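The values are calculated or read from the model by the stated rules, or taken from the named source; none is laboratory data. In this text, all values refer to a predicted model and were calculated from it rather than measured experimentally. So basically every Cβ, Gly included, is an ideal-geometry build from the backbone, and we count neighbours across all protein chains shown.
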Amino acid sequence: MKAAIVQGVGRLLAIETIVDPRPKADQVILQVARAGICGSDLHVTEHGFVPVGTILGHEFAGTILEIGDDVRGHWKIGDRVTALPVLPCSNCDYCDEGLHALCETNRFLGIADVPGAYAEYVAVRGGMLQRLPSGVSFETGAMVEPLAVSYHAVERGNLKRGTKVLVVGAGPIGLAVALFARLKGLKTLVVSETSPERRRRALELGATHVIDPKMENLAERFTQIAGGPPDVVFECVGVPGLLQQAMDVVRKRGRVVVAGVCFEPDTLSPVTGIMKEIDIGFSMCYTPGDFEAVIDAIATGRADPQPMLSEIIGFADLPERFEALRTPSTQCKILIDPAMT
């Protein structure tokens, strides 16, 4: 099969032909229809967190091609699916709660020795599969994983109908937070974003207002819009300094949910949190229930993530386009089609 292989820090991905995967007893082999490029893929390759030879890719959808012995009877060849990209122990307390990503022995697809979906085929544990109904395309199916990250963050926010919400950042995670937060019936859902194109996408996906933090004072402008400071702030960028900004802006006894992955050390002023009695919660991943809820929201038409999709590319364009994403742009979610010539 063809796959995109990590060559090291500062080097382009290499498109190579390698041996097709074979399923273990508890696995299926998917023919990848679409795979998403995630910001964390960029981060782990930039900082050298994955070794040479890694096949990235933990956002994907496809068709079952082969089935391991232990999975027969549960799935059939040709089923359209996505999956939680995890390999947990399935026996610990975290796994019992559906928090497989927090399992001490869990490994993610697309990291080091677990090949991911930047390939024509990928091996997936059968117990992590999620069926795609007829109303969910491969494009939206490949976005279920990042959408589930955002859905989980929104649930961590404990939003009520009258909650005033600020979302910092309109990348894929921030946009999907806006999408699912709006389904809570919010009247005030403001997205802060420097890119005009991404602000436009935020309005399409459910934001009631947008703010350009380079041109306006964030706290003052939010108060003008909402009549007071935000009750909940979602930090969805992962850049040093933004957690402190969220603490500064949120109301007293408000809540900050951190969904942006910051790979660098950050500093903040604890006295801000103490004087305002702020609750800060970090949101990492998802549960199978989060995947199911996202798929159902798409299938029933309550959530349409299509405005997040920027472009679909093939392997020929992937190495250059992957590197280009390290520079800020108007792109949002780029999907890979392994069959595209």
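For the range 75-109, the set of residues classified as charged (D, E, K, R) and touching a strand residue (DSSP E or B) at 6+ places or on another chain (Cβ under 8 Å) consists of Lys76, Asp79, Arg80, Arg107, listed by residue number. Within the span defined as the range 187-208, every residue fails to be assigned to a strand (DSSP E or B), within 14 Å of the chain's Cα centre (by Cα) and touching a residue at least 24 places away in the same chain (Cβ under 8 Å).
Given the criteria at pLDDT below 95 and at negative phi, does Pro319 qualify?
On the way: at pLDDT below 95: no; at negative phi: yes.
The answer is no for Pro319.
Ile111 fulfils the conditions (1) surrounded by 24 or more Cβ atoms within 10 Å (Cβ to Cβ); (2) within 23 Å of Gly68 (Cα to Cα) except for a single criterion, (1).
So how many residues does the range 213-258 have that are acidic (Asp, Glu) and without any contact (Cβ under 8 Å) to a residue 60 or more places away in the chain? Break it down stepwise before answering.
Restricting attention to the range 213-258, the residues satisfying the condition of being acidic (Asp, Glu) are 216, 220, 231, 235, 248.
When the remaining residues are screened for being without any contact (Cβ under 8 Å) to a residue 60 or more places away in the chain, the result is 216, 220, 248.
Within the range 213-258, residues that are acidic (Asp, Glu) and without any contact (Cβ under 8 Å) to a residue 60 or more places away in the chain number 3.
Any idea how many residues of the range 291-306 are surrounded by fewer than 17 Cβ atoms within 10 Å (Cβ to Cβ) and either within 19 Å of the chain's Cα centre (by Cα) or not hydroxyl-bearing (Ser, Thr, Tyr) (or both)?
Quick first cut of the range 291-306, residues surrounded by fewer than 17 Cβ atoms within 10 Å (Cβ to Cβ) only: 292, 296, 299-302, 304, 306.
Remaining after also requiring either within 19 Å of the chain's Cα centre (by Cα) or not hydroxyl-bearing (Ser, Thr, Tyr) (or both): 292, 296, 299, 301-302, 304, 306.
Residues meeting the conditions: 7.
Counting only strands (runs of 3 or more DSSP E) that sit wholly inside the range 120-180, those with at least 1 residues that are buried (at least 24 other Cβ atoms within 10 Å of the Cβ) and of a type in the set (A, V, I, L, M) are 121-125, 164-168.
Quick grid of which residues meet (1) buried (at least 16 other Cβ atoms within 10 Å of the Cβ); (2) closer than 21 Å to Ala142 by Cβ:
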{"residue": "Glu66", "(1), (2)": "yes, yes"}
{"residue": "Arg72", "(1), (2)": "no, no"}
{"residue": "Leu87", "(1), (2)": "yes, yes"}
{"residue": "Cys95", "(1), (2)": "yes, no"}
{"residue": "Ala101", "(1), (2)": "yes, yes"}
{"residue": "Thr105", "(1), (2)": "no, no"}
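Hey, could you check the range 256-273 for residues that are hydrophobic (A, V, I, L, M, F, W, C) and surrounded by 11 or more Cβ atoms within 10 Å (Cβ to Cβ) and say which is modelled with the lowest pLDDT? Checked the range 256-273; the qualifying residue modelled with the lowest pLDDT is Phe263.
Would you point out which residue out of Leu242, Leu268 is within 25 Å of His152 (Cβ to Cβ) and out of contact with any helix residue (DSSP H, G or I) (no Cβ under 8 Å at 6 or more places or on another chain)? Even if it seems obvious, please write down each step before you answer.
Values: Leu268 fails: out of contact with any helix residue (DSSP H, G or I) (no Cβ under 8 Å at 6 or more places or on another chain).
From the options Leu242, Leu268, the qualifying one is Leu242.
The set of residues from the range 181-216 being over 24 Å from Phe282 (Cβ atoms), surrounded by 22 or more Cβ atoms within 10 Å (Cβ to Cβ) and among the polar types (S, T, N, Q) is empty.
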